[in-house]
Amino acid sequence: MNYFQIFTIFSAFYSILPIIITIKMTVFYIKNRSSLTPNTLHPVLYLQFLIMQFLNFLHVISTFLVSRIPDGGWFMEEMCQRESYLRFLIFLSYGAVYAKNFSTISFCLTRVFILFMDDGKEACQFIYLTLFLIPVAFLLALPRNIVEAKCVLMEPPFPSGAVMIVSDLGSENKMSDSQIIEAVFYPSVIIVILSLTFLMFWKLLQSRKLSTLVGRKFDRNAERSLTITMILILLPVIVNSSIAILGIFNYSSFILYVLRPWMIDARCHIIVCYFYFTHPIFKRKRVSQKILKSKDTK
């Protein structure tokens with residue numbers, strides 16, 4: 001068994017806990033959304049996080065179908081002969097990438113808006129922005145669906161039978177529509193998220209929110225959890241986008257090709273686990289459940 005097969009199996013298993021946590025967070029939101037407040041966890045920010053997380057999972061699923069299973073040599077030869085299926089997989093993968101990046105921007109934008117507006121009553125408008133940007137993301141992926149797709153046999157260190165699903169983008173001397181979209185999209189995402197993160201830190205430092213917000217430890221912990229969550233979002237976004245930009249200009253390498261799946265999973269799995277296990281609102285819920293269970297056993 002080779003690295004690619006081991007990683008595919010491992011990443012499938014370690015996706016189980018984040019999926020369970022996301023389901024628990026969704027159920028928590030449905031049951032408690034009316035009681036959520038800006039002093040605990042703003043309901044709009046919570047919903048933005050869930051949307052971002054579901055789109056991250058969609059991207060992880062698409063990477064299994066487009067790269068991880070084919071890279072491991074498990075992709076059936078019959079599938080490579082079905083061009084419409086290959087085109088759909090590539091379309092789904094790129095649409096998921098664009099959508100999750102748009103949702104990340106919406107999440108960060110909502111976070112910054114709530115910081116600057118204090119009560120954040122107008123934050124619900126960003127949900128409509130997110131719902132508008134998701135179909136836009138798949139429209140941006142359409143050029144990948146209208147060009148020829150094919151399987152390319154991989155050479156060592158990839159295992160025997162490993163293939164890469166690629167789009168035929170035409171001339172090497174001229175950038176295709178898809179490549180132009182990517183060349184504009186990825187740097188823009190990095191710039192916007194870095195700018196929003198800078199605004200967040202500037203506001204936090206200006207108002208001393210981490211140390212003086214309402215004068216309560218609960219709120220400070222909530223701010224700290226949200227702030228570190230945004231920082232954790234940054235690294236995978238920058239690495240993934242940078243690798244994608246290098247790939248556009250044919251500067252990608254085997255090391256970067258291997259690194260990218262780890263960054264995709266880090267963005268999806270580590271962020272949701274950290275947010276769930278550190279934000280006070282979920283800690284309070286878990287403590288309450290333990291107290292109720294201890295009373296029931298008496």
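The values are calculated or read from the model by the stated rules, or taken from the named source; none is laboratory data. Predicted, not measured: the structure shown is a model, and the values here were computed from it. For neighbour counting, all protein chains shown are included, and Cβ atoms are generated from backbone atoms with ideal geometry for every residue, glycine included.
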Restricting attention to the stretch 178-192, which residues are polar (S, T, N, Q) and in contact (Cβ under 8 Å) with a residue 12 or more places away in the chain? SER178, GLN179
Can you name the number of the only condition in (1) touching a residue at least 40 places away in the same chain (Cβ under 8 Å); (2) assigned to a loop (DSSP other than H, G, I, E, B) that PHE49 fails? (2)
Consider TYR29 against the criteria (1) out of contact with any Leu (no Cβ under 8 Å at 6 or more places or on another chain); (2) surrounded by 15 or more Cβ atoms within 10 Å (Cβ to Cβ): it satisfies all of them except one. Which criterion is unmet? (1)
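Could you pull out the residue among PRO43, PRO38 that is modelled with pLDDT under 90 and touching a Leu at 6+ places or on another chain (Cβ under 6 Å)?
Values: PRO38 fails: touching a Leu at 6+ places or on another chain (Cβ under 6 Å).
Every option except PRO43 fails the conditions.
Being modelled with pLDDT under 80, in a loop (DSSP other than H, G, I, E, B) and among the hydroxyl-bearing types (Ser, Thr, Tyr) is the requirement here; does SER160 meet it? Step through it out loud before you land on a result.
Values: modelled with pLDDT under 80: no; in a loop (DSSP other than H, G, I, E, B): yes; among the hydroxyl-bearing types (Ser, Thr, Tyr): yes.
Taking the combined requirement at face value, the residue does not satisfy it.
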Residue list for the stretch 66-86, restricted to those being part of a helix (DSSP H, G or I) and surrounded by fewer than 18 Cβ atoms within 10 Å (Cβ to Cβ): GLU77, GLU78, MET79, GLU83, SER84, TYR85
Return yes when GLU78 is touching a Lys or Arg at 6+ places or on another chain (Cβ under 8 Å) and more than 17 Å from MET200 (Cβ to Cβ) and no when it is not. no
Quick one: would you say THR63 is in contact (Cβ under 8 Å) with a residue 24 or more places away in the chain, β-branched (Val, Ile, Thr) and in a helix (DSSP H, G or I)? yes
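Going through LEU133, LEU153, LEU139 one at a time, which residue ends up being in contact (Cβ under 8 Å) with a residue 24 or more places away in the chain and not polar (S, T, N, Q)? Talk me through it step by step, then tell me what you get.
Values: LEU153 fails: in contact (Cβ under 8 Å) with a residue 24 or more places away in the chain; LEU139 fails: in contact (Cβ under 8 Å) with a residue 24 or more places away in the chain.
Matching residue, one of LEU133, LEU153, LEU139: LEU133.
Please work out if SER242 is within 17 Å of VAL97 (Cα to Cα) and at pLDDT 80 or above.
Against the criterion (within 17 Å of VAL97 (Cα to Cα) and at pLDDT 80 or above), SER242 does not qualify.
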Residues of the stretch 123-164 satisfying the condition of being surrounded by 15 or more Cβ atoms within 10 Å (Cβ to Cβ) and among the aromatic types (Phe, Trp, Tyr): PHE126, PHE138, PHE158
